[in-house]
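> Here it is: the structure, laid out below.
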Amino acid sequence: MIRKFLFSASALNLIVPIAACIMLGAVWGRSLGWILLSFVAVALMASVLIAVHHAEVIALRVGEPFGTLVLALAVTIIEVSLIVSLMLSGGTAASALARDTVYATVMIVCNGVVGLCLLLGALRHRVLTFRVEGTTPALSVLATLTVLTLVLPSFTSSTVGPTLSPSQLVFVGVISLTLYGVFVFVQTVRHRDYFLTVEDQSDDHYAPPTKAVMLTSLALLFLCLMAVVGFAKALAPSIELAVNAASAPHAVVGIIIALLVLLPETWAALRNALRNRMQASFNLALGSALATIGLTIPAVAVTSMMLGLRLDLGLPSKEIVLLVLTLVISAMTLAGGRSTVLQGAVHLVLFAVFLFLAVVP
């Protein structure tokens with residue numbers, strides 16, 4: 001009987017988050033050999049799968065789009081905490097960390113995650129439909145925040161380099177937090193129906209879990225996401241050694257870590273796309289990018305001003321071109337409310353260009 005419980009799905013959903021956090025504490029700060037590296041990789045993937053399960057349990061209780069918002073906010077809050085801690089320990093060497101993380105997240109989400117969901121979803125369902133009134137406002141907020149925080153600092157004249165003056169930094173931080181707050185209000189209260197799936201699917205008719213089950217899943221979700229981000233950080237030295245051995249630029253390390261951190265949202269978005277629930281998929285993808293900017297920029301702005309750290313926000317010219325092209329293509333993709341494999345292929349090509357130029361700048 002005990003053996004049957006240990007290998008049941010419900011038991012794994014409880015055991016994996018706790019075991020992953022214990023393993024994270026055991027390997028934190030240690031150099032990983034091949035054996036430990038294998039265990040960490042397995043634990044990372046297990047944490048991703050269990051995190052998505054608990055996010056779906058919460059979604060059944062609170063409904064959409066709250067369910068997708070919980071996952072995006074949870075992983076972003078943990079990621080922001082990691083960025084701030086790295087800034088505190090890295091000093092001047094970490095001046096561009098927030099910029100590179102936000103840029104990588106936007107490119108991975110808008111091209112990699114969205115492209116993969118569109119391609120695989122359209123291969124199964126031919127034509128995908130979604131609500132323009134939900135996706136277009138999300139993209140408009142994303143475009144505004146990315147340009148104000150990642151492009152404009154390269155053209156301001158109050159300071160030298162891709163930085164902002166203290167007053168400009170406060171202004172950008174306030175409007176980032178304000179605009180993201182307005183978006184969340186519109187998504188969850190004012191126009192919640194704009195962000196619901198076009199058609200009711202059979203998945204939405206399951207009996208909602210109890211409040212106790214939902215709170216338990218919420219706690220286990222945070223444990224899973226802490227493990228995912230922590231394992232990504234623990235894998236960083238090994239990733240860095242591999243990147244250096246391949247003579248690739250150091251920026252590739254940040255991209256790989258960002259890919260690992262975004263695994264829960266990617267898997268959840270892909271599952272929704274395969275179920276022909278593209279609106280939920282876009283809520284996850286775009287919501288994750290919006291939360292990253294809306295929460296990261298104010299947090300790092302406060303940290304840099306309080307400790308007098310240099311904060312580089314403006315992107316170089318090559319990255320600006322790719323970012324603008326991504327936003328333009330995303331606007332075209334989301335403007336019609338319908339998409340096919342062609343749009344998915346275009347986004348994945350842009351994602352390949354982003355990765356290629358990161359390795360061969």
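Bear in mind these aren't lab numbers, they're just calculated from the coordinates by the rules spelled out. Please read all numbers here as calculations on a predicted model, not as lab measurements. So basically every Cβ, Gly included, is an ideal-geometry build from the backbone, and we count neighbours across all protein chains shown.
> Would you mind ranking 34, 267, 28 so that the residue whose beta carbon has the fewest other beta carbons within 10 Å leads the list? It would help to have the intermediate numbers written out before the result.
Details: 34 8, 267 18, 28 11.
With the sparsest Cβ surroundings first, the list reads 34, 28, 267.
> Of the trypsin sites (Lys or Arg not before Pro) in the range 100-137, which ones lie in a loop per DSSP and count no more than 12 other C-beta atoms within 10 Å? Write out the running numbers ahead of the final one.
Values: sites: 124, 126, 131; in loops: 126, 131.
Answer in residue order: 126.
> Let me ask something else about it. Just grab the label-to-label distance for residue 49 and residue 171, each label 7 Å out from Cα along the Cβ direction, in nm (one decimal).
Simple spin-label model gives 5.1 nm for this pair.
> Next up: GNM, the chain, Cα, under 10 Å: largest mean-square fluctuation among 329, 35, 83?
Result: 35 has the largest fluctuation of those listed.
> Could you work out the relative contact order of the chain? I mean the mean sequence separation of Cα pairs under 8 Å and 6+ apart, divided by the number of residues, in percent.
Result for the chain is 38 percent.
> Within a 10 angstrom radius of the beta carbon, how do 228, 57 rank from fewest other beta carbons to most?
Fewest-to-most ranking of 228, 57: 57, 228.
> Run through the range 230-313 and list the trypsin sites (Lys or Arg not before Pro) located in a DSSP loop whose Cβ has at most 15 other Cβ atoms within 10 Å.
Here the trypsin sites (Lys or Arg not before Pro) that fit, given the DSSP loop and packing criteria, are 310.
> Taking the chain as a Gaussian network, where each spring joins two C-alpha atoms under 10 Å apart, which residue of 217, 330, 317 fluctuates the most?
317
> Kindly provide log₁₀ I(q)/I(0) values, in the same order as q = 0.09, 0.11, 0.13 Å⁻¹, from the Debye equation applied to equal alpha-carbon scatterers of the chain.
Debye intensities relative to I(0), on a log10 scale: -0.49, -0.75, -1.07.
> Helix-only mean residue ellipticity at 222 nm, the chain, DSSP H runs n ≥ 4 weighted -39,500 (n - 2.57), per residue, nearest 500. What is it? Each step should come with its number before you reach the end.
On the way: 14 runs with 261 residues, N = 361.
Helices in the chain give a 222 nm mean residue ellipticity of -24500 deg cm²/dmol.
> Under the Karplus relation 6.51 cos²θ - 1.76 cosθ + 1.60, θ = phi - 60°, what is the ordered set of whole-Hz ³J(HN,Hα) values for the range 100-115, x standing for Gly and Pro?
Using θ = phi - 60°, the values come out as 5, 5, 5, 4, 4, 5, 4, 5, 5, 5, 5, 10, x, 5, 4, x Hz.
> Further question: With the chain treated as a Gaussian network of Cα nodes joined by springs under 10 Å, which of 235, 69, 36 yields the largest mean-square fluctuation?
36
> Cβ neighbours within 10 Å, averaged per peptide: list 99-112, 347-360, 154-167 in order, most packed at the top.
Working: 99-112: 24.3, 347-360: 16.5, 154-167: 13.4.
Taking the mean over residues of other Cβ atoms within 10 Å, the ranking is 99-112, 347-360, 154-167.
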